[in-house]
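The values are calculated or read from the model by the stated rules, or taken from the named source; none is laboratory data. The model shown is predicted, which means the values in this text are computed figures rather than measured ones. We place every Cβ from the backbone using ideal geometry, glycine too, and count neighbours over all the protein chains shown. To get the accessible areas, we keep the full protein, side chains included, count just its heavy atoms, and leave off ligands, DNA and RNA. Shrake-Rupley method; radii C 1.70, N 1.55, O 1.52, S 1.80 Å.
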Amino acid sequence: MTSPTLTATRRAPLAATVQRYANEWMIVVLFVALVLICSIAIDGFRDLGNLLNIARQVSFLAIAGLGQFFVILVAKLDLSVGSSIGLTSVLLAGLVANHSWPMWASVLAVLALSIVIGLVNGVVVVLGKVPAFICTLVMMNVLMGVAYLYSRGLPIGGLPSWFNYFGMGYLFMIPVPVYAMVIIAVLCSIFTNRTALGRSFYAVGGNEEASRLSGINVRWVIMLAFVIASVLTTLASIGVTSRTMSGGASLGEGMLFDIITVVILGGTSLFGGRGNVFGVIVAALLLGVITNAMVLLGIDTYFQWIIKGAILIVVVYIDANSRKS
């Protein structure tokens, strides 16, 4: 005869498993429901051109979000990504247009700069024991200042016309940035799920001390998270620069909030140790649909900010309470 205590013990893991799957797939259910509602209720939403435009716009956001995903996974936060987009954008355009550098050399230069930025953030946080929030806040202001000093606050044009293909081109009727997003997402998913180093990001975010005792190089993992975030942010910056065909110090302004939102909305815990790549991609699509719907409905930009802020507060509240449970 099975005792009530034993039955309750067996039910607990089952309930936890059901809860985990419900949390992971809730974002997908929300996305599908929102697309159906918008398709029925909003004129022009289901037009193929509009849907492809949403996919193109969220691609850059998702790529930058995947970078932030690694930092949040180890229970840190990188606030410098928005300014990093602005600086690498004006530097890329400036090297090509003002200094006649080949495009490939300019791309390598900004990617090298992104590694340096990520390393500085990581070293200051890990070795300097400076809270990530403070470190990246300072870095955000430094990068913003350098970007505006270099560009004088003016957009830098003069990029070759073929460069626009990476931001606005199509391949088999699908926007080129979507391919980049999918490829990067697959690589990130394989890295986090199929490699020991990738799994160590979850371990470090879940419990730093336990990870250290189990032999994981916690310092290296945290520094690598900042470097990955910086590099992926720069790839997104190159895409945005290609789409606008000019470098702008203000290109990343406003993106920081959306980047953090898609990571948290996608199920990555602000406290670290929990999340997945798939959730970030679906959350980026969901946020893109919400933004597009608000634009088609003629909702004022300021109200859009308020609505997005409310969404983030609700998600953070749910995450905090889920953590307590």
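Of the helices (runs of 4 or more DSSP H) lying entirely inside the range 200-285, those containing at least 1 residues that are open to solvent by 40 Å² or more (accessible area, probe 1.4 Å) and of a type in the set (Ser, Thr, Tyr) span 218-244.
For the range 33-75, the set of residues classified as outside any helix (DSSP H, G or I), open to solvent by 10 Å² or more (accessible area, probe 1.4 Å) and in contact (Cβ under 8 Å) with a residue 60 or more places away in the chain consists of Ile42, Asp43, Gly44, Ala75, listed by residue number. Taken over the range 76-100, the criterion of being assigned to a loop (DSSP other than H, G, I, E, B) and either within 16 Å of the chain's Cα centre (by Cα) or closer than 16 Å to Gly118 by Cα (or both) is satisfied by Lys76, Leu77, Asp78, Leu79, Ser80.
Exactly one residue out of Ile259, Ile264, Ile238 is touching a helix residue (DSSP H, G or I) at 6+ places or on another chain (Cβ under 6 Å) and closer than 21 Å to Pro175 by Cα, and it is Ile259. It is to be established whether one or more residues within the range 182-201 are at pLDDT 90 or above, closer than 23 Å to Ser106 by Cβ and of a type in the set (A, V, I, L, M, F, W, C). Looking for residues that are at pLDDT 90 or above, closer than 23 Å to Ser106 by Cβ and of a type in the set (A, V, I, L, M, F, W, C), one finds at least one in the range 182-201, hence yes.
Scanning the range 182-192 for residues being in contact (Cβ under 8 Å) with a residue 60 or more places away in the chain and open to solvent by 20 Å² or more (accessible area, probe 1.4 Å) gives a total of 2.
Checking each residue in the range 85-104 for being farther than 12 Å from Ser151 by Cβ, of a type in the set (A, V, I, L, M, F, W, C) and out of contact with any helix residue (DSSP H, G or I) (no Cβ under 9 Å at 6 or more places or on another chain) picks out only Trp104. The set of residues from the range 145-175 being closer than 29 Å to Ala55 by Cα and of a type in the set (Phe, Trp, Tyr) comprises Trp162, Phe163, Tyr165, Phe166, Tyr170, Phe172. Scanning the range 76-97 for residues that are open to solvent by less than 20 Å² (accessible area, probe 1.4 Å) and of a type in the set (Gly, Ala, Ser) returns Ser80, Gly82, Ser83, Ser84, Gly86, Ser89, Ala93, Gly94. Put simply, of Phe201, Phe191, Phe166, Phe226 the only residue that is among the aromatic types (Phe, Trp, Tyr), within 22 Å of the chain's Cα centre (by Cα) and farther than 30 Å from Met103 by Cα is Phe201.
The residues of the range 133-181 that are open to solvent by less than 60 Å² (accessible area, probe 1.4 Å) and part of a loop (DSSP other than H, G, I, E, B), listed by number, are Gly153, Gly157, Leu159, Pro160, Gly169.
Only one entry of Phe60, Phe69 meets the criterion of being at pLDDT 85 or above and in contact with a Cys (Cβ under 8 Å, 6 or more places away or on another chain), and that entry is Phe69. Can you give me the number of residues within the range 286-312 that are surrounded by 14 or more Cβ atoms within 10 Å (Cβ to Cβ), under 27 Å from Ala185 (Cα atoms) and not hydrophobic (A, V, I, L, M, F, W, C)? Within the range 286-312, residues that are surrounded by 14 or more Cβ atoms within 10 Å (Cβ to Cβ), under 27 Å from Ala185 (Cα atoms) and not hydrophobic (A, V, I, L, M, F, W, C) number 4. Cβ separations smaller than 6 Å between residues 6+ apart or across chains give the following pairs from the range 115-129 residues that are touching a residue at least 40 places away in the same chain (Cβ under 8 Å) and open to solvent by less than 50 Å² (accessible area, probe 1.4 Å) to residues that are part of a helix (DSSP H, G or I) and among the β-branched types (Val, Ile, Thr): Gly118/Val227; Asn121/Thr136; Val126/Ile222.
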